[in-house]
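Before any comments, here is the structure.
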Ligand code: AMP
Ligand code: GLY
């Protein structure tokens, strides 16, 4: 089989590594990919939003299956265009990817189908939003409706901050057109858990849980980032939580999408908050998490191609989804200064130690192949993942492996998985 992966981050590298394990696959392409993906796949210089070029490439090279890793092309309708051209593709169509593409849509869906989430109101007029804030309880959470690279959420402590936030999102358009509408919602407290799942339109199968670390600095301080590290499974995702979510959230979401005429095929990522009143949905994503994929996929026992095909064909009920009975921790190696400003182009040393291992992985995010070797090319550079028999061992292994890698301006958090000690 020939497989094409669309995307260029650590998530797509983790997907590619999983695909490379499948005995069904003899060729992997990635558009556009990165230096690490280039070691196991052929990277082609086509951007993830260049739909016409992706369709032509897949036809010309007789690609049997395309896996779309990123949110932008999913929300933009890449799956629809590929299907219209007779190609097989794993990921939700545009009318289902709206689950991530519009927060107002997903909040209305949850309300209509009684799926537990924070109380909220949607607004498309800044004046109405400002008036609403006068009586809202503080702190309050403001969310730009559309995709904003994970940055369109503002947590405001008081009325002044919240009013400023509405102006930032809806008038100054800091997040672009994503801010034409917004959601204002109740602030919740609790632990966050990420749960990824495979969905075939009707059936949903849950992957092992994970937890992300979104802030730039130790102790969850500093700015929000794309994610500084993850661990899997989450010790806070107990059987009780699992039972609640199975009863009230997972199947309910899949059924709601089907009932709305928007059957979802692909990965649904449930961002959950474990509140005192039980689990609540913080957000949905229509794809694997990044860096969640880096700790979840290496632990998956199934052939990812079989699972992806079952999601497309509606036969997921026949798949017995299984994960290794161990743990994994991923520590992101970033460029000093991320997420604000940072230098690029520094040579990376030590990557060879990870090659061929099933216990240690070094997933590339912002890297580039040059004549001198592989150099840094982004804010998040690498995701160093290690397995262990339990979370503590996996964490120790992951931090040990971060020492194998060196590059100028290397920055990481030193407390990824610290919460494990409180479990
Ligand atoms: P989202 O993109 O919707 O997941 O929001 C990004 C982050 O903002 C989440 O991971 C939470 O840490 C925080 N957040 C979002 N919504 C709420 C809420 N209603 N209450 C508290 N924190 C929230
Ligand atoms: N790690 C959060 C996300 O992928 O959106």
Checklist entry - Does residue 212 satisfy the criteria of being within 16 Å of ligand 2 (Cβ to nearest atom), touching a residue at least 40 places away in the same chain (Cβ under 8 Å) and under 26 Å from residue 396 (Cα atoms)? => result yes
Checklist outcome for this item: With the first residue restricted to the range 224-239 and required to be on the phi > 0 side of the Ramachandran plot and at pLDDT below 95, and the second required to be crowded, with 23+ Cβ neighbours inside 10 Å and in a loop (DSSP other than H, G, I, E, B), Cβ contacts under 6 Å at 6 or more apart or on different chains are 227/291
Checklist entry - Which residues, counting only those in the range 388-410, are farther than 27 Å from residue 342 by Cβ and touching a helix residue (DSSP H, G or I) at 6+ places or on another chain (Cβ under 8 Å)? => result 388, 391, 392
Checklist entry - Name the residues in the range 219-233 that are more than 14 Å from ligand 1 (Cβ to nearest atom) and either within 20 Å of residue 390 (Cα to Cα) or in a strand (DSSP E or B) (or both), would you? => result 229, 231, 232, 233
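Quick check: is even one residue across the range 21-29 within 23 Å of the chain's Cα centre (by Cα), free of Cβ contacts under 8 Å to residues at least 60 places away in the same chain, assigned to a helix (DSSP H, G or I) and surrounded by 17 or more Cβ atoms within 10 Å (Cβ to Cβ)? Steps first, please.
Taking the range 21-29 and keeping what is within 23 Å of the chain's Cα centre (by Cα), we get 21-22, 28-29.
Next, only the ones that are free of Cβ contacts under 8 Å to residues at least 60 places away in the same chain stay: 28-29.
If we keep only those that are assigned to a helix (DSSP H, G or I) too, we end up with none.
Scanning the range 21-29 turns up no residue that is within 23 Å of the chain's Cα centre (by Cα), free of Cβ contacts under 8 Å to residues at least 60 places away in the same chain, assigned to a helix (DSSP H, G or I) and surrounded by 17 or more Cβ atoms within 10 Å (Cβ to Cβ).
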Checklist entry - Within the range 316-354, how many residues turn out to be touching a residue at least 40 places away in the same chain (Cβ under 8 Å) and under 26 Å from residue 414 (Cβ atoms)? => result 25
Checklist outcome for this item: Residue hits (the range 168-197; closer than 30 Å to residue 418 by Cα and away from ligand 2 (no atom under 16 Å from the Cβ)) are 185, 186, 187, 188, 189, 190
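Can you tell me which residue among 298, 339, 291 is modelled with pLDDT under 95 and under 19 Å from the mean Cα position of the chain (by Cα)?
Values: 298 fails: modelled with pLDDT under 95; 291 fails: modelled with pLDDT under 95.
It is 339.
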Checklist entry - Here is a list of conditions, (1) away from ligand 2 (no atom under 16 Å from the Cβ); (2) more than 17 Å from residue 207 (Cβ to Cβ), and residue 379 meets all of them except one; can you say which number that is? => result (1)
Next on the checklist: I want to confirm something. Restricting to the range 201-210 and keeping residues that are surrounded by fewer than 24 Cβ atoms within 10 Å (Cβ to Cβ) and in a strand (DSSP E or B), which single residue is farthest from ligand 1 (Cβ to nearest atom)?
Outcome noted: 205
Next on the checklist: Could you go through the range 185-193 and let me know if any residue there is within 30 Å of residue 300 (Cα to Cα), part of a strand (DSSP E or B), over 19 Å from the mean Cα position of the chain (by Cα) and within 12 Å of ligand 1 (Cβ to nearest atom).
Outcome noted: no
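I'm trying to understand the selection: among the residues of the range 243-294, which are out of contact with any strand residue (DSSP E or B) (no Cβ under 7 Å at 6 or more places or on another chain), in a loop (DSSP other than H, G, I, E, B) and crowded, with 22+ Cβ neighbours inside 10 Å?
Pass one, the range 243-294, residues out of contact with any strand residue (DSSP E or B) (no Cβ under 7 Å at 6 or more places or on another chain): 243, 246-248, 252, 255-263, 275-278, 290, 293.
Then keep just the ones that are in a loop (DSSP other than H, G, I, E, B); that gives 260-263, 276-277, 290.
Within the range 243-294, 290 is the sole residue that qualifies.
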Checklist entry - For the range 65-183, list the helices (runs of 4 or more DSSP H) that sit wholly inside it and hold at least 1 residues that are closer than 30 Å to residue 49 by Cα, within 21 Å of the chain's Cα centre (by Cα) and touching a residue at least 40 places away in the same chain (Cβ under 8 Å); which are they? => result 71-76, 78-84, 94-101, 103-112
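Quick one: is residue 219 over 20 Å from residue 423 (Cβ atoms) and touching a residue at least 24 places away in the same chain (Cβ under 8 Å)? Give the derivation first.
Values: over 20 Å from residue 423 (Cβ atoms): no; touching a residue at least 24 places away in the same chain (Cβ under 8 Å): yes.
Answer is no for this residue.
The values are calculated or read from the model by the stated rules, or taken from the named source; none is laboratory data. Bear in mind that the values here come from a model prediction, so they are computed numbers and not experimental data. Neighbour counts are summed over all protein chains in view; Cβ atoms, including those assigned to glycine, are modelled from backbone coordinates with ideal geometry.
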